[in-house]
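Asker: Structure in structure tokens, see below.
The values are calculated or read from the model by the stated rules, or taken from the named source; none is laboratory data. This one's a predicted model, so the numbers in the text were calculated from it and none came from an experiment. Ideal geometry is used to build each Cβ from the backbone, glycine not excepted, and the neighbour counts take in all protein chains shown. In case anyone asks, the SASA skips ligands and DNA or RNA and just uses the protein heavy atoms, side chains included. Shrake-Rupley method; radii C 1.70, N 1.55, O 1.52, S 1.80 Å.
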Amino acid sequence: MIRNFPFAITPYYFCLMKDSDIEDPIRLQCVPDPREIAFSLGGVDDPLAEDRDMPLPGLIHRYADRCLAMVTHTCTMYCRHCNRKRFWKEGAAAKSRLSAMIDYVAATPGIREVIVSGGDPLTLPETVLEGFLGALRSIPHVEVLRIGSRIPVVLPMRITPSLVRMLRKHRPLWFNTQFNSPRELTPEAALACQRLVDAGIPVSNQSVLLRGVNDTYETMRELLYGLQRISVRPYYLFSCDPVRGADHFRVDLWKGMELMERISRSTSGLCVPLFVLDVPGGKGKMPLQTFSLLTDSFLA
Ligand code: SF4
């Protein structure tokens with residue numbers, strides 16, 4: 001199984017696991033499961049058709065005003081539900097590839113925002129990441145940088161004062177992370193997020209709705225309240241993509257919409273993320289909450 005989909009878990013995240021419970025939400029996210037290679041399950045390697053919108057290796061340019069740079073395919077932990085599992089065996093991008101990305105952005109004046117992602121960009125040596133961010137920042141038409149990283153969740157001690165000092169030089173810089181379970185909201189994770197926020201780097205959360213992890217009202221509400229307590233804005237809740245090897249995590253769309261409907265009606269708006277389906281085939285994000293509310297009010 002791990003020949004198909006490798007695994008890595010940080011000691012910190014491993015310690016959050018309750019070892020007696022095979023349905024533990026922490027365990028589900030990090031320990032390989034035989035269902036990942038079950039024949040009968042659906043899913044494709046590239047559910048969002050990202051490969052189609054890559055003008056050069058590792059750079060996704062789908063929307064005119066922004067692009068996403070996969071600066072590495074390495075992660076400190078391989079989340080079993082990841083929609084980029086197809087890259088896990090490829091490792092870090094060569095420096096020449098990073099230079100080609102910078103050249104492309106510099107030659108494309110319509111790009112005002114660059115999302116630095118992966119893999120996990122915070123697995124890069126700090127000097128390499130700093131060089132990449134600095135090169136992007138020196139391009140006049142790049143107004144905003146964004147980092148996508150799960151490090152605050154799986155290895156929060158990596159958010160050191162020195163890393164934060166480096167990152168703050170490249171503001172406006174936004175930081176997106178992915179807490180999926182309230183059990184991930186530890187004092188260490190809170191400190192990591194607080195360091196970023198204190199440095200003027202807003203932190204937002206993009207959860208994935210995962211069966212057995214956060215698909216009940218009580219758990220989702222606890223997660224959203226907890227995020228607000230640590231100054232992290234719930235931004236998106238994604239329906240789990242139909243990626244090969246993650247079918248067992250997928251939650252029925254109607255169930256997800258009902259769940260978020262209940263959350264919206266009982267929870268402060270600041271806590272409520274936008275529930276979206278990233279439409280397979282690269283057709284973009286479709287909000288699901290609004291449709292649910294409309295349907296409900298028309299039928300009432
Ligand atoms: S950290 Fe992100 S890219 Fe890496 S395995 Fe987890 S979800 Fe995928």
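Asker: Given a cut-off of 28 Å, name the pairs among 85/285; 85/169; 95/169 whose C-alpha atoms lie farther apart than that in the structure shown.
Answerer: On the way: 85/285 20 Å; 85/169 32 Å; 95/169 22 Å.
Flagged as over cut-off: 85/169.
Asker: Next question. Mind jotting down the three principal axis lengths of segment 75-214 based on Cα atoms? Whole angstrom, largest first.
Answerer: Extents along the principal axes: 45, 36, 26 Å.
Asker: State to the nearest 20 debye the size of the charge dipole of the chain about its Cα centre, where the only charges are +1 on K and R beta carbons and -1 on D and E beta carbons.
Answerer: 600
Asker: Subtract the Cα-Cα distance of residue 225 and residue 286 from 0.36 nm times their separation in residues, and report this length gain in nm to one decimal.
Answerer: Numbers: separation 61, 0.36 × 61 = 21.96 nm, distance 2.45 nm.
Length gained, residue 225 through residue 286: 19.5 nm.
Asker: Give a quick list of GluC sites (Glu not before Pro) in segment 112-191 that DSSP marks as loop, anything other than H, G, I, E or B, with at most 14 other Cβ atoms within 10 Å.
Answerer: Those satisfying the criteria are 143.
Asker: For residue 94 and residue 44 in the same chain, what is the full-extension length gain: residue separation times 0.36 nm, less their Cα-Cα distance, in nm?
Answerer: Working: separation 50, 0.36 × 50 = 18.00 nm, distance 2.66 nm.
So the extension gain works out to 15.3 nm.
Asker: Then there's this: Expressed in nm to one decimal, what extension gain is obtained for the pair residue 15 and residue 217 from 0.36 nm per residue of sequence separation less their Cα-Cα distance? It would help to have the intermediate numbers written out before the result.
Answerer: Details: separation 202, 0.36 × 202 = 72.72 nm, distance 2.56 nm.
This chain segment gains 70.2 nm when fully extended.
Asker: Follow-up. Within the P(r) computed for segment 38-80, what percentage of the Cα pairs occupies the region above 16 Å? Walk me through the intermediate numbers first.
Answerer: Numbers: 488 of 903 pairs.
Counting every Cα pair in segment 38-80, those more than 16 Å apart make up 54 percent.
Asker: Give the residue from 102, 216, 197 lying farthest towards the positive end of the charge dipole for the chain; charges sit on Cβ (+1 for Lys and Arg, -1 for Asp and Glu) and the dipole is referred to the Cα centre.
Answerer: 102
Asker: Compute the relative contact order of the chain as a whole-number percentage, counting only Cα pairs closer than 8 Å that sit 6 or more residues apart in sequence. Intermediate values should be presented prior to the final figure.
Answerer: Details: 559 pairs, mean separation 54.8, N = 300.
Contact order relative to length: 18 percent.
Asker: Out of the DSSP beta bridges found with both residues in the chain, what percent are antiparallel (nearest 5)? Numbers along the way, then the final one.
Answerer: Details: 9 of 35 bridges.
So the antiparallel bridges amount to about 25 percent of the total.
Asker: Counting only the heavy atoms of the protein chains, how much of residue 87 is accessible to a 1.4 Å probe, in Å² to the nearest 10?
Answerer: 20
Asker: Taking the Cα centre of segment 31-96 as origin, sum charge times position over the Cβ atoms of Lys and Arg (+1) and Asp and Glu (-1), and report the length of that vector in debye to the nearest 20. Can you show the working numbers first?
Answerer: Working: 10 positive and 9 negative charges, 29 e Å.
Its charge dipole is roughly 140 debye.
Asker: Also: Sticking with the crude label model, points 7 Å out along Cα→Cβ, report the distance from residue 52 to residue 258 in nm, one decimal please.
Answerer: 3.3
Asker: Between residue 127 and residue 204, what FRET efficiency comes out of the Förster formula 1/(1 + (r/R0)^6) with R0 = 45 Å and r the beta carbon distance, rounded to 0.05? Before the final figure, lay out the partial values.
Answerer: On the way: r = 27 Å, r/R0 = 0.59.
E between residue 204 and residue 127, to the nearest 0.05, is 0.95.
Asker: Amide H neighbours of residue 73 under 5 Å, at least 5 residues apart or on other chains, H built in the peptide plane: list them.
Answerer: 91, 92, 93
Asker: Here is a follow-up. Which percent of the accessible area of segment 7-46 is formed by carbon and sulfur heavy atoms (probe 1.4 angstrom)? Write out the running numbers ahead of the final one.
Answerer: Values: 1500 of 2370 Å².
Reported share for carbon and sulfur atoms: 63 percent.
Asker: Per residue, what accessible area does segment 196-263 have, given a 1.4 Å probe and all protein chains present, in Å²?
Answerer: I get 40 Å² per residue for this part.
Asker: Work out from phi, with θ = phi - 60° and the Karplus expression 6.51 cos²θ - 1.76 cosθ + 1.60, the ³J(HN,Hα) of each residue of segment 138-151, listed in order in whole Hz, and give x for Gly and Pro.
Answerer: 7, 8, x, 7, 8, 8, 9, 10, 9, 10, x, 8, 9, 4
Asker: Mind checking which of 232, 34, 256 is farthest towards the positive end of segment 11-299's charge dipole, using Cβ charges of +1 (Lys, Arg) and -1 (Asp, Glu) about the Cα centre?
Answerer: After comparing all options, I get 232.
Asker: Given H placed on each backbone N at 1.01 Å, which residues far from residue 208 in sequence or on other chains put an amide H within less than 5 Å of it?
Answerer: Distant-sequence amide H within range of residue 208: 238.
Asker: Still on this structure: Please find the FRET efficiency linking residue 194 to residue 107, where r is the Cβ-Cβ separation and R0 is fixed at 41 Å, and quote it to the nearest 0.05. Kindly include the intermediate steps, with their values, before the conclusion.
Answerer: Details: r = 38 Å, r/R0 = 0.94.
In this case the efficiency is close to 0.60.
Asker: Over the chain, what number does the Rg to Rh ratio reach, with both radii from the alpha-carbon atoms and Rh per Kirkwood? Walk me through the intermediate numbers first.
Answerer: Numbers: Rg = 18.8 Å, Rh = 19.8 Å.
Answer for the chain: 0.95.
Asker: Something else: For segment 77-155 and segment 167-245, what is the centre-to-centre distance using only Cα atoms, to the nearest Å?
Answerer: Cα centroid to Cα centroid, the span is 19 Å.
Asker: Here's a follow-up. When all protein chains stay in place, what accessible area (Å², nearest 10, 1.4 Å probe) is found for residue 76?
Answerer: Looks like 40 Å² after rounding.
Asker: Ignoring ligands, DNA and RNA, how do 174, 254, 88 rank by accessible area with a 1.4 Å probe, largest first?
Answerer: Working: 174 115, 254 140, 88 15 Å².
The most accessible residue leads, giving 254, 174, 88.
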